[in-house]
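Working notes, structure below.
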Amino acid sequence: MTQLRPDLALIAAHVAPGARVLDVGCGDGTLLEALRDERQCDARGMEIDSVNVASCVAKGLSVIQGDAGADLAFYPDQSFDYAILSETLQTMMRPDLVLEELLRIGKHAFVSFPNFGHWRVRLSLLLGGQMPVTRLLPVAWYETPNIHHLTVADFRALMAERGITVERAWFLSGDRQTSAAAANFRAEHAIFLLAR
């Protein structure tokens, strides 16, 4: 069994076997490989980094090089059962538009992101006055690909504003699942399953 990051393991466990899946920002293809090999999914990917694309192709994965901000528009409506965006939303120039595209091309969308409202982030800002470096945010502010710092509350507000249904949500503190109670404060990482 493939060793997956905790958010990816949750996503993989909730993708229906045999589903058609597009992993947007698929990185080195770890999730795609698990979905293909363990869930018998028709798993495809889009990745902006050419080194990661080459790594995926070397594993026999169906991955194209592309920019989600522009290239998702080329996929037909409802062409996948699931569109996945893991730890990528906060790096998008227009995350709201990317979410709309995910839900256009997929019947469901999984989205995971680091919660910038976590108590350690808040404490670091309060006491140190600087952007924190944590396990999920491991580099200094000037090196990070994150351009939109969002919280669980921000994401829920956007879903309500856009009329997007949250089918399920999971929250992680460290590598363990935590309850939804006070998730905006307690969760380091959030995973949402969305639909129209």
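No value in this document is a laboratory result; all are computed from the given coordinates. Since we're looking at a predicted model, the values are computed, not measured. Glycine gets a Cβ as well: all are built from the backbone with ideal geometry, and neighbour counts include every protein chain shown.
Structural remarks
- Selected from 161, 87, 38 as most flexible by GNM, with the chain as the system and alpha-carbon contacts under 10 Å: 161
- Here's the picture: charge each Lys and Arg Cβ at +1 and each Asp and Glu Cβ at -1 in the stretch 1-149, and of 3, 54, 91 the one pushed furthest to the positive end of that dipole is 3.
- Spatial separation of Cα centroids for the stretch 44-63 and the stretch 64-134, in angstrom: 19
- For the chain, diffusion coefficient by Stokes-Einstein and Kirkwood Rh (Cα), 4 °C, 1.567 mPa s, µm²/s: 76
- Residues 131, 93, ranked from the fewest to the most other C-beta atoms within 10 Å, line up as 93, 131.
- The order of 85, 194, 4, going from fewest to most other C-beta atoms within 10 Å of their C-beta, is 4, 194, 85.
- Residues 168, 39, ranked from the fewest to the most other C-beta atoms within 10 Å, line up as 168, 39.
- Paramagnetic reach from residue 179 in the stretch 99-139 [backbone N under 20 Å; point 7 Å along Cα→Cβ]: 118-120
- With at most 12 other Cβ atoms within 10 Å, longest stretch of the chain clear of loop chymotrypsin sites (Phe, Trp or Tyr not before Pro) (DSSP): 1-140
- Most mobile listed residue (44, 36, 176) in the chain, GNM with C-alpha springs under 10 Å: 176
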